[in-house]
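Enquirer: What follows is a single structure, and I will ask about it in a moment.
Every read-out reported here was derived from the displayed coordinates using simple, explicitly stated rules and does not represent laboratory data. Just so we're clear, the structure is a prediction, and the values are computed from it rather than from any experiment. Virtual Cβ from ideal backbone geometry, glycine too; neighbours counted across all protein chains shown.
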Amino acid sequence: MHGSRRAEAGGDRGLEADTAAVLLDAIRREFGNDVDSVPSFNDAWADGRVPLRMVGAAGRGRRRVLEGSAARR
């Protein structure tokens, strides 16, 4: 998932960091604050179904990321 976020950010490291934060927020909303990071969450699953579902949940918050990125420019 990291590579996908990086590719979509198009080299904008700030946007890449924002997407990671949005994803981690979505994960923590559903699974609690005990989740340390996106990679540790991904590693906790035998397959990618749940992590991909969380990407979808975070994607519903993508507008916030895009608005924040536009404000920085």
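Enquirer: What does the extension gain come out to for ARG29 and ALA17, with contour length at 0.36 nm per residue minus their alpha carbon separation? Present the calculation step by step, with values, prior to reporting the outcome.
Expert: Details: separation 12, 0.36 × 12 = 4.32 nm, distance 1.84 nm.
Extra length from ARG29 to ALA17 when fully extended: 2.5 nm.
Enquirer: Let me ask you something else. May I ask you to list the residues of region 1-39 whose amide nitrogen lies under 16 Å from a point 7 Å from Cα along the Cα→beta-carbon direction of VAL50?
Expert: 24-39
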